[in-house]
Amino acid sequence: MGVEVDHNIAVEENRSEQIKLLRAQRRCYALAKLLQNIYTILTLALPFAALLLIPVAAEWKARLALISILLVLFDTGCLVRWQRDLTKRGAKIQEQFDVHVLGLDWNKLVAGAPVDAEIVHSMTSKAPTAEEKNKFTNWYEPSIAQLPLPVGRLLCQRTNIVYDSAVRLAYARVLIWGAVFLSVGIAAIGLHMGLTFPEVILTLCVPALPLLTFALREWQKHCGVLETLSAMKGEIDRLWEKALSGAEANDLTRDARALQDAIYRNRAGNPLVVDWLYNLLRRRFESNTNHAVDALVADAKKKLSIKG
């Protein structure tokens, strides 16, 4: 493989039409997360409502139990589908960005038809804010521009996989520990109130059931995604070594296209990560990612004898 640095990832990712795709993608995820946040607030309010209402109005015990059951049914019957549709659309828009920026062909068999330009425009009709420009500029680390396209492309894909893994691992831990603390808290409150075991179940556990169900279900989903991402990380590591050994550009492009299919499938079915955790950890994760990219770029330049 030649070592001429001829790709334009660093240029293409910052074009206005590509920034527009990233904004539309984020809008899809924001709408899906809004639905999730509303549901979470409602489920979180139920245990507190039980504590406040049931001691002074016993008739609320049955009412809150009914509301809890209806929320679980609404989550299963409607909310999951709405979130899945929005997440899939966001993943497809992200795929449109990646395919263009990374110089790959669109795989209609896997991703279907691209999202219509009218839909993308309707979601980004307002001018981007300064925060959005800062957030979406240099989506991939600019130092990748020092590598040939087949190698730089793999490094971008590696960044997607590793970054996603770090975020989801952190969120999975929050979910499981949150479920544990909620369960322990319910038991402690019941004991403090002097409730019998059946009363704890009906008064506190049933109203908390939607929230516990949500937390445990999301934790299981994220654990499944982490297993998939781990397998993809192993594959990208293999392809990276292959690239640095001097593999042909066409061969690496085929490998990258197959890997991108796996990335898209994973994104399209991914559970959501709450924004507050993402924003809290974003700076640390981006620092780790940028440091790793710079180190891998330096290693690749050395092994491929790229100057500059």
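The values are calculated or read from the model by the stated rules, or taken from the named source; none is laboratory data. Just so it is clear, the model here is predicted, and its values are computed rather than measured. When we count neighbours, we look across all protein chains shown, and the Cβ atoms used for this are built from the backbone with ideal geometry, even at glycine. Just so you know, the surface numbers come from the protein's heavy atoms only, side chains and all, with ligands and any DNA or RNA stripped out. Shrake-Rupley method; radii C 1.70, N 1.55, O 1.52, S 1.80 Å.
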Q. Label point 7 Å out from Arg265 along Cα-to-Cβ: which residues of the stretch 219-247 have amide N under 17 Å?
A. 224-236
Q) In the structure shown, do any of Lys242/Lys303; Lys20/Lys133; Lys88/Lys221; Lys20/Lys135; Lys242/Lys301; Lys61/Lys221 have a Cα-Cα gap over 21 Å, and if so which? A) Lys61/Lys221
Q) Cβ under 13 Å from Ala243's Cβ, Ala243 left aside: what net charge do those residues give with Lys, Arg +1 and Asp, Glu -1? A) 0
**Q.** Per-pair calculated FRET efficiency, R0 = 35 Å: Arg81 and Asn8 via Cβ, rounded to 0.05
**A.** 0.35
Q) What is the helix-to-structure angle for 80-101, meaning the angle in degrees between its Cα long axis and the longest Cα principal axis of the chain, kept from 0 to 90 and rounded to the nearest 10? A) 10
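State the percentage of accessible surface on the chain attributable to carbon and sulfur atoms; use a 1.4 Å probe and exclude ligands, DNA and RNA.
In the chain, the share of accessible area belonging to carbon and sulfur is 62 percent.
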Q) All other residues with a Cβ under 13 Å from the Cβ of Lys88 taken together, and with Lys, Arg as +1 and Asp, Glu as -1, what is their net charge? A) +4
(Q) Sequence gap at least 6, Cα distance under 8 Å: using those rules, report the relative contact order of the chain to the nearest whole percent. (A) 33
Q: Using the Karplus curve 6.51 cos²θ - 1.76 cosθ + 1.60 with θ = phi - 60°, work out ³J(HN,Hα) for each residue of the stretch 295-304 in order, rounded to whole Hz, and write x for Gly and Pro.
A: 5, 5, 4, 4, 5, 5, 4, 5, 6, 9
Q. Once the dipole of the chain is set up with Lys and Arg at +1 and Asp and Glu at -1 on Cβ about the Cα centre, which of Phe197, Gln220, Leu259 lies farthest towards its positive end?
A. Phe197
Q: Take the Cβ-Cβ distance between Asp237 and Ile306 as r, set R0 to 22 Å, and report the resulting FRET efficiency rounded to the nearest 0.05.
A: 0.60
Q) Stretched out fully, how many nm does the piece from Leu182 to Glu286 gain, at 0.36 nm a residue minus the Cα gap? A) 34.3 nm
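Which of rounded, prolate or oblate describes the chain when judged by the alpha-carbon gyration tensor and an a/c cut-off of 1.5?
prolate
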Q) Which order, highest average first, do 86-97, 150-161 follow once you tally other Cβ atoms within 10 Å for each residue and take the mean per peptide? A) 150-161, 86-97
**Q.** Value of Rg/Rh across the stretch 1-119 [Cα atoms, Kirkwood radius]
**A.** 1.26
Q) Gaussian network model of the chain, Cα springs within a sub-10 Å range: biggest mean-square fluctuation belongs to which of Ile41, Ile67, Ile144? A) Ile41
Q. Just by accessible area at a 1.4 angstrom probe, what is the order of Asp116, Asp261, Asp237 from largest to smallest?
A. Asp116, Asp237, Asp261
(Q) At 1.4 Å probe radius, can you tell me the per residue accessible area of the chain in Å²? (A) 52
**Q.** Phi to ³J(HN,Hα) by Karplus 6.51 cos²θ - 1.76 cosθ + 1.60 over the stretch 32-46, Hz, x for Gly, Pro
**A.** 5, 6, 4, 4, 5, 5, 4, 5, 5, 4, 5, 5, 5, 6, 4
Q: Pop out the ³J(HN,Hα) list for the stretch 144-161 in order, Karplus 6.51 cos²θ - 1.76 cosθ + 1.60 with θ = phi - 60°, rounded to Hz; leave Gly and Pro as x.
A: 4, 4, 7, 10, x, 3, x, 7, x, 4, 4, 5, 5, 5, 4, 4, 4, 5
**Q.** Projected area, mean over directions - the stretch 175-270, Cα convex hull, nm²
**A.** 7.8
